[in-house]
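Notes for the one structure printed next.
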Amino acid sequence: EADIYQTPRYLVIGTGKKITLECSQTMGHDKMYWYQQDPGMELHLIHYSYGVNSTEKGDLSSESTVSRIRTEHFPLTLESARPSHTSQYLCASSGDRAGTEAFFGQGTRLTVV
Amino acid sequence: AQSVTQLGSHVSVSEGALVLLRCNYSSSVPPYLFWYVQYPNQGLQLLLKYTTGATLVKGINGFEAEFKKSETSFHLTKPSAHMSDAAEYFCAVRSSSGSARQLTFGSGTQLTVLP
C-alpha cells in the first residue's frame, strides 16, 4: 500500500479564504506532483517537483502555489479561494527510475462557496 | 511530445462479459505505459505497467494489457467482468527520457458493469 497522505479529504470554504492542502509521503521519493481533476474528467498536472527547493508549473495554469522544503512534504496553497477553484486535487510521488509508477494520495475534494 | 488517447469515455458491459478498454499512445521514444483505476472519491491505484520485456502484462484484479508497438496501443482487458470492476480507468504514458513532468494521462474511461 502506498504511503502518501493528503489532508483534508474534504474541504468546504468561503470565497477569499486562504487554504493549504497538505501532502506527505514516507517513501523517500524525490519527485512529487499535484493534479487537478474535475468530476469524471481527466487529470491535469498543475505543479511538480524534482526534489527539495525545486518546483515547476505543470501543463494547466493554476493560481495555486507550492513549496518543497522537505523531501516528504509538498503542500499546495491558494491565497484567495474562488468558486472556480472547486475541484478535486490529487497529490502523487514517484521514484527516480523512469519506469517507476506514480503513487497517489486519496485526494482532497475542495468546494469554494 | 507524448499523448494518450482513450477511445470511449463510457463503456458498459454485462457481469461476466469481456472487458476491453482501449488506449493508444504517441511517443517519440520507447514509452513506459500504465493503467490506473480510480474508485469514487479516491485517488488512483496502479493496475499494471509495461516497461520492458514481455509485451503481455498481467496486473491486479485479473486485468491484463498487451503492448503492441506496431499499433501504438496498450489496451486493457479482463475476461469476465465483476460488479466491483465498475470504476474510472486511466491509461498513462511516461517517456523513457525520465523527466519529472513526462507522465501524461488519457481522459479516462468510465466502466459500468450491468447485472
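Here are the numbers:
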{"item": "Selection of trypsin sites (Lys or Arg not before Pro), segment B:27-115, meeting DSSP coil and at most 14 other Cβ within 10 Å", "result": "B:LYS69"}
{"item": "Too-long pairs where the Cα-Cα distance tops 28 Å, listed order kept, from A:LYS57/B:LYS69; A:LYS31/B:LYS78; A:LYS57/B:LYS49", "result": "A:LYS57/B:LYS69; A:LYS31/B:LYS78"}
{"item": "Selection from A:TYR48, A:TYR89, A:PHE104 lying farthest towards where the dipole of chain A points positive, charges on Cβ", "result": "A:TYR89"}
{"item": "Segment B:15-115, dipole about Cα centre (Lys/Arg Cβ +1, Asp/Glu Cβ -1), debye to the nearest 20", "result": "340"}
{"item": "Segment A:1-78 and segment B:56-73: distance between their alpha carbon centers, rounded to Å", "result": "30"}
{"item": "For residues of B:34-41, the mean tally of beta carbons on other chains within 10 Å", "result": "3"}
{"item": "DSSP beta bridges in the protein assembly as shown [antiparallel fraction, %, rounded to 5]", "result": "90"}
{"item": "Evaluated over segment B:45-115, the Cα radius of gyration and Dmax, each in Å", "result": "13.3, 44"}
{"item": "With 10 Å bins from 0: P(r) over the protein assembly as shown, alpha-carbon pairs, percent", "result": "8, 33, 35, 19, 5, 0"}
{"item": "Highest average packing first - B:8-15, A:37-44, B:34-41, Cβ atoms within 10 Å", "result": "B:34-41, A:37-44, B:8-15"}
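Where a number appears in this text, it was derived from the coordinates with a stated rule and is not lab data. This structure is a prediction, so every number in the text was calculated from the model and none was measured. As a convention, Cβ positions derive from the backbone with ideal geometry for all residues, glycine included, and neighbour counts pool all protein chains shown.
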